[in-house]
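To start, the structure under review is shown below, and the notes come after it.
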Amino acid sequence: MSFGTEILVKVGVVLAFALNGAVICTLMDVKASAWMQRRPGPLHVGLRGFIFPLAEVIKFIQKEDIVPTKVDKTIFKLAPAFILFSVFGLFVVVPISPTLVVVDLNLGVFYLLAISTLSTLGVLIAGWSSANKYSLMGGLRAAGQLIAYELPLILAVVGVVIQAETMSMVGIVEKQIEWGLPFAIAGQGIAFVIFMIAATAEMMRIPFDMPIGESELVMGFMTEYSGIRFLIFYIAEYINMFVMCAIAATIFLGGYHVPLLPVEWVNFYGPVVLLTKTLGLAFILVLVRWSFPRFREDQLQNIAWKILIPLSLLNIFVTSIMKVVF
Amino acid sequence: MISYFQDYITVGVVLSVGIALMVLVTSLAAVLRPNNPTREKLTTYESGVDPVGTGWSQTYIRYYVFGLLFVIFDVEAVFIFPWAINLEKLGYFGLIEMLIFIFILLIGLIYAIRKDVLKWE
């Protein structure tokens, strides 16, 4: 296969995974909420509510795209693209099976953490360029929250890198196959919990939805967006949820492999296994979203700086001592 | 070396798919949607009343302090990763050096907490 066709195939795989993942996550979210709160819309209307995401997309596409006169027009229009750009970048290193991975960079994890920081910038410029007080406050809150939770996210992964001795995503999964146990059980349980909490905060989902907080900031940094640009923020949020769960499943839960299944057949069952793990994690996030109230801003910062960061540093301490001494 | 460049060209292509998708979807919507702006519609949203002053208002300085703290710990993370991979080879020497480094930063964080820099009132 020539290099050009290879790229096309890879782009196709990424698009299929990203967009379908987003649709499945959306459906799961609205279905669970409808189930828990008795909302008839996503539960009964139109094929038992399964065409709900399609109706949503069609609704947003035919809405007027309003760009207020006072906004910084270029940056305002660019912000959704920025977020979509960073979200697609995350798919590059996630291995769906040992061979089905876009690029297995030897800097895998590092690249991942670097790219995920870019969406902070997208949120911040969306908030700033709107020239709206709600948006500005939402954007600043988002920036404060995203940088605070970026650190536990990064430091939690360090423990895994110490154990696996590699930063390549495929390498990390191979190490877990070699050990026969996923890292979440083999020594990185605390790191896994920290990672999931920080990832929820990075996605800005309830209980970490301070930047959007519709009861106090209207729609946070998205207040001035309407129509298709709003839809792109919305889709990017769900793609982000899907890919973050896939990353957590790969790093901590053994990715495309489960113990006891034969390793030679991993190319066949790999995608199914990864998808199952990913959606399982996503379902936990959905349950959390519809069960918990929102944190206060000071509580949010305290959890990150006073609990999660010292805890993840402690995790690095213990893991590295265990690694060298034993 | 060729495979190295090919890897990063692929990364670049996949990244640009995000932007291409954005362009595609917005231009599709531009064909389908109505476009009927009025002066009232284009004013800044402020819960229905006329907006007061500019949207770029002053905000609290504390976000700046959080930004500074973030930079310190982020740079730390950059140093930690190469060490984490080679920990086995570096042995006790690398371990003790890095523990001292992390410990100093931890003291910095505790100092910031004690000085009420992270307090939110």
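Read the figures in this text as sums done on the coordinates, not as results from a lab. A quick note: this is a predicted structure, and the numbers were derived from the prediction, not measured. Counting neighbours? That spans all protein chains shown, and the Cβs are built from the backbone with ideal geometry, glycine included.
The table for this structure:
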item	result
Virtual spin-label span in nm between A:R296 and A:M36, 7 Å along Cα→Cβ	2.3
Residue-averaged beta-carbon neighbours from other chains (10 angstrom radius) around A:247-260	0
For A:I66, residues with placed amide H under 5 Å, excluding near neighbours	A:S226
Net dipole in debye of the stretch A:38-178 [+1 Lys, Arg Cβ; -1 Asp, Glu Cβ; about Cα centre; nearest 20]	860
Table column - 3J(HN,Hα) (Hz), the stretch A:103-116, Karplus curve with 6.51, -1.76, 1.60, x for Gly and Pro	9, 8, 5, 6, 9, x, 4, 5, 4, 4, 5, 5, 5, 5
HN-Hα J in Hz across the stretch B:37-44 - Karplus 6.51, -1.76, 1.60, θ = phi - 60°, x for Gly and Pro	x, 10, 4, 5, 5, 8, 6, 5
Burial ranking of peptide ranges A:244-252, A:315-323, A:228-236, B:72-80 (average Cβ count within 10 Å, highest at the top)	A:244-252, A:228-236, A:315-323, B:72-80
Charge context of A:C245, other residues only, Cβ under 14 angstrom, K/R +1, D/E -1	0
Low-density loop cleavage sites - chymotrypsin sites (Phe, Trp or Tyr not before Pro) in the stretch A:1-88, where at most 13 other Cβ are within 10 Å (DSSP)	A:F50
Karplus 3J(HN,Hα) series, Hz, for the stretch A:60-71 with 6.51 cos²θ - 1.76 cosθ + 1.60 (x for Gly, Pro)	5, 5, 8, 8, 5, 9, 8, 10, x, 5, 7, 6
Total charge dipole magnitude, chain A, about the Cα centre, Cβ charges on Lys, Arg, Asp, Glu only, Debye to nearest 20	700
Residue-count net charge about B:I80 - beta-carbon cut-off 13 Å; Lys, Arg +1, Asp, Glu -1	-3
